[in-house]
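Here the structure comes first, spelled out in structure tokens, and everything after it is commentary.
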Amino acid sequence: MQRNLVRLLLLFSYATLHHSLPLSTSSRWIIDEHTGDRVKLVCANWAAHLEPMLAEGLDKQPVGNIVKNVASMGFNCVRLTWATYMFTRYADVTVAQSFSGLGLGDAMVGISRNNPRFLNLTLVDAQRALIAELGLHGVMVVLDNQVSRPMWCCGDDDGNGFFGDKYFDPKEWLRGLAIVAKRYKNTQMVVAMSMRNELRGPLQNETVWYRYVKDGARTIHRANPNLLVIVSGVHYDLDFSFLKKKPLNLNFQQKIVYETHRYSFTEGQTNLWLNGQLNRVCKSVIQELQNKAGFLVEDGNKAPLFVSEFGINQLGGNRADNVFLGCFLGYLAEMDLDWSIWALQGSYYLRDGLHGPEETYGMLNYNWSSVRSPKFQHKLQLVRRHLQDPYSKVPMYYILYHPWSGKCIKAKNSQVYATDCRSFSRWNHAGSRNPIQLTGSKLCLSAAGNGIPAILSGNCTGNQSQWELISDSKLQLASKDEKGTYLCLELNHENSSMVVTNKCLCLDDDSDSSCQENPETQWFKLIFANI
């Protein structure tokens, strides 16, 4: 009785506090189909496509506790992965049979203790039960067809990469899409289906891509016209550049969303982040991303772009990840894209033959009991926010954002300081070599000198109040002191709130073009907003 009452209260909370469904698209935005209001997907990937074919972590915590953590971390959606074979070959297999066959006795003991009702469910019914729990907490679901044969993903030669691969029979894949789309036709919180994760490998071919992507999209739409259909590019979800010449014209274009992925190791770029001049590396990576996928939100056939995977090693020791993150968060905030972090899970039942390995990219710790890295969680604060709205009547303004720390700049009593992005000042800026003016005032951001805190000044015409984005990355905001020397805004410690101006690091005209200093403390971004 008490459990039913709690569920009713949760449903009432969802009905009164959340947008209505289903979702659709308008130009580059995902919207509420009924009201036209923008809906931003802020998701966590929850893996369920490996050999056990059950969402990870049910051996560690009750499913309700996990889902509460998803919601409390600020995620409004889960990208839930699944394998085609689970529906086409193993639909009658129970969770207990799956785990027993893989020798996962310890994990079965954990599931029996924390989620006993799951053990005797079939794998497909266990997925439905998990989705029901997410729905009770107002968390939307994007169903991602990660692989055909259940296994860890992804490699060029794993047999799961492209249509016609060893384990990737297009007919069976289409049948799986139809089964899953139809199965959730009346499940409101399942809002989207991703056709296939990270198409890749030697069989890649644009002609074949167009054929089967259209077949897959139509299959999903016929079975469940409420769903958004998420389209993967080629080369591990990186490249849609061929669409510039030949768009993917479908007669339900208002349901089409594209997805892309990005990590520090994408395209073998780890060494660039470790050894390159970071301003130049950031510029080249963002240009590549924009040319291959970001153009979709800006060209004549605008459509939403969903960054369905990005993430870092949250133990903090991976330097390539750490320097990549500041660059990428600046882009993600600037474009105000929908996204999904890799990953939610803190551990796996079975991965690459290992029982119970840890996932260091996971938002939750190994025991799934708490957030693994509050610092990383903090850095996602601004990109979680809904920053732009095509129908907003609020005048445009800028947020001054420091992506390395995840902080935003606030002004008070002629002082400026960095704070968390739940609160920030609004700024006006007319472009390079113009003042950055506090909205609604006559005060402007000003450099007081080398190593001295930045201030608000009533003098908006002097050199020290004229700001420009310098360096290749366009992430260093600089003005000139009385001697004509560039000084850059800097937040020199993640735990500090003091914004100073210092000599700019690693400018393009430095005599040492291979500058190895890390300029991220000086990386600031003016983020357009109208919310």
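The values are calculated or read from the model by the stated rules, or taken from the named source; none is laboratory data. Because the structure is a prediction, the values reported are computed rather than measured. All Cβ positions, glycine included, derive from the backbone under ideal geometry; neighbour counts span all protein chains shown. To get the accessible areas, we keep the full protein, side chains included, count just its heavy atoms, and leave off ligands, DNA and RNA. Shrake-Rupley method; radii C 1.70, N 1.55, O 1.52, S 1.80 Å.
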| message | Condition first: part of a helix (DSSP H, G or I) and surrounded by fewer than 18 Cβ atoms within 10 Å (Cβ to Cβ). Now tell me which residues in segment 357-380 satisfy that. | response | Pro374, Lys375, Gln377, His378
| field | Breaking point among (1) surrounded by fewer than 18 Cβ atoms within 10 Å (Cβ to Cβ); (2) part of a loop (DSSP other than H, G, I, E, B); (3) at pLDDT below 95, for Ser441 | value | (3)
| query | Considering segment 425-442 alone, what residues qualify as being in contact with a strand residue (DSSP E or B) (Cβ under 8 Å, 6 or more places away or on another chain) and more than 20 Å from Ala529 (Cα to Cα)? | reply | Arg433
| field | Residue ID - nearest to the chain's Cα centre (by Cα), chosen from residues in segment 381-399 that are open to solvent by less than 60 Å² (accessible area, probe 1.4 Å) and of a type in the set (A, V, I, L, M) | value | Val383
| query | In this structure, is Lys245 more than 25 Å from Trp29 (Cβ to Cβ) and open to solvent by 60 Å² or more (accessible area, probe 1.4 Å)? | reply | no
| query | Do we find that Val285 is aliphatic (A, V, I, L, M) and either more than 16 Å from the chain's Cα centre (by Cα) or part of a loop (DSSP other than H, G, I, E, B) (or both) in this structure? | reply | yes
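For segment 391-438, which positions are basic (Lys, Arg) and farther than 29 Å from Gln377 by Cβ?
Within segment 391-438, Lys393, Arg433 qualify.
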| said: Suppose we filter segment 198-235 for residues that are within 19 Å of Val124 (Cβ to Cβ) and crowded, with 20+ Cβ neighbours inside 10 Å; how many remain? | reply: 4
| Some residue of segment 409-432 being open to solvent by 50 Å² or more (accessible area, probe 1.4 Å), under 24 Å from Ser479 (Cβ atoms) and touching an Asp or Glu at 6+ places or on another chain (Cβ under 6 Å) | yes
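What about Ser479, is it assigned to a loop (DSSP other than H, G, I, E, B), hydroxyl-bearing (Ser, Thr, Tyr) and farther than 17 Å from Gly406 by Cα?
No.
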| query | Quick one: in segment 291-300, which of the residues that are in contact with a helix residue (DSSP H, G or I) (Cβ under 8 Å, 6 or more places away or on another chain) and open to solvent by 40 Å² or more (accessible area, probe 1.4 Å) is nearest to His261 (Cα to Cα)? | reply | Lys292
| So which residues in segment 259-275 are buried (at least 18 other Cβ atoms within 10 Å of the Cβ) and more than 18 Å from Asp237 (Cβ to Cβ), if there are any at all? | Leu272, Trp273
| field | Residues (aliphatic (A, V, I, L, M), open to solvent by 10 Å² or more (accessible area, probe 1.4 Å) and part of a helix (DSSP H, G or I)) located in segment 125-153 | value | Ala129, Ala132, Leu136
| field | Ala418 among the small types (Gly, Ala, Ser) and either in contact with a helix residue (DSSP H, G or I) (Cβ under 8 Å, 6 or more places away or on another chain) or within 26 Å of Asn291 (Cα to Cα) (or both) | value | no
| When you go through (1) part of a strand (DSSP E or B); (2) within 15 Å of Phe168 (Cα to Cα) one by one for Leu203, which number turns out not to apply? | (1)
| segment 307-328 - residue that is within 26 Å of Ser347 (Cβ to Cβ) and of a type in the set (A, V, I, L, M, F, W, C) and, of those, surrounded by the fewest Cβ atoms within 10 Å (Cβ to Cβ) | Leu315
